[in-house]
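Notes follow the structure.
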Amino acid sequence: ILPANVEDATISISAPPAYNGEAQSPMVHLAFGEATLTEGVDYRISGSTGTNAGAYTMTITGMGDFTGTYELPWVIEKAVPEIITPTAGELTYGQKLSESVLSDSAWKWFNPGVIPTVNNSGYVTFIPVEDSRNYDYTGIEGYAIWESVEVIARVIPVTVNKATPTVTPIIPEGEYTE
């Protein structure tokens, strides 16, 4: 009996894994006719591990009763990140947005020099997109490209408390008595 070529086997691969920061491999199944082939006995695989999102190619090499090689493309999909909108620290009227501490320091105010009003509908904050190689931000609420920089922008409410006015009376000279 002549060895069969591994290219003639039915090869199936699991759904693409999503990026998780760790080395990953897809599950591969080989069958020849009614028989399921066994890795390490009928074939070996190389190039089956990847970490970052992107395209990879594994090589399946026949052994034992199987010969030949087969190049099998596979991918690690980009993950969808979880974006948590920050909260803003309270201000007193007259303070700038830059004085309101955001709950996540990676977020920044779009216009930090603005003095917000007591009654407002919120102000724009943003966070630069990091690692767009491994994460897909395009479907995330607030995704935008500002001057070639990818960001997530969100309008967040800002509580502005009324200021206590300070009154300094002006007393003309010579008119003050105790």
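Give the residues of the stretch 90-106 that are among the small types (G, A, S) and more than 14 Å from G122 (Cβ to Cβ), sorted by residue number. Show your work before the answer.
So in the stretch 90-106, the residues among the small types (G, A, S) come out as 94, 98, 100, 103, 105-106.
Within the stretch 90-106, G94, S98, S103, S105, A106 meet the criteria.
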* Structure fact -> Scanning the stretch 51-63 for residues that are in contact with a Pro (Cβ under 8 Å, 6 or more places away or on another chain) and not aliphatic (A, V, I, L, M), the one surrounded by the fewest Cβ atoms within 10 Å (Cβ to Cβ) turns out to be T57
* **Flag for L30 being surrounded by 14 or more Cβ atoms within 10 Å (Cβ to Cβ) and more than 30 Å from P81 (Cα to Cα)** => yes
* **Boolean, S48 is in contact (Cβ under 8 Å) with a residue 12 or more places away in the chain and either in a strand (DSSP E or B) or open to solvent by 70 Å² or more (accessible area, probe 1.4 Å) (or both)** => no
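Under 30 Å from I13 (Cα atoms) and among the charged types (D, E, K, R), is that true of D104? So that I can check it myself, show each step before the final result.
Numbers: under 30 Å from I13 (Cα atoms): no; among the charged types (D, E, K, R): yes.
Here the answer is no, as D104 does not meet what is asked.
Of all residues in the stretch 65-82, how many are free of Cβ contacts under 8 Å to residues at least 24 places away in the same chain and either farther than 25 Å from E141 by Cβ or surrounded by 14 or more Cβ atoms within 10 Å (Cβ to Cβ) (or both)? Explain how you work it out, then say what you get.
Restricting attention to the stretch 65-82, the residues satisfying the condition of being free of Cβ contacts under 8 Å to residues at least 24 places away in the same chain are 71, 73, 82.
Checking the rest, the ones that are also either farther than 25 Å from E141 by Cβ or surrounded by 14 or more Cβ atoms within 10 Å (Cβ to Cβ) (or both) come to 71, 73.
The number of residues fulfilling the criteria is 2.
The values are calculated or read from the model by the stated rules, or taken from the named source; none is laboratory data. Please read all numbers here as calculations on a predicted model, not as lab measurements. Neighbour counts run over all protein chains shown; Cβ positions are idealised from the backbone, glycine included. Quick note on the areas: whole protein, heavy atoms, side chains included, nothing else; ligands and nucleic acids left out. Shrake-Rupley method; radii C 1.70, N 1.55, O 1.52, S 1.80 Å.
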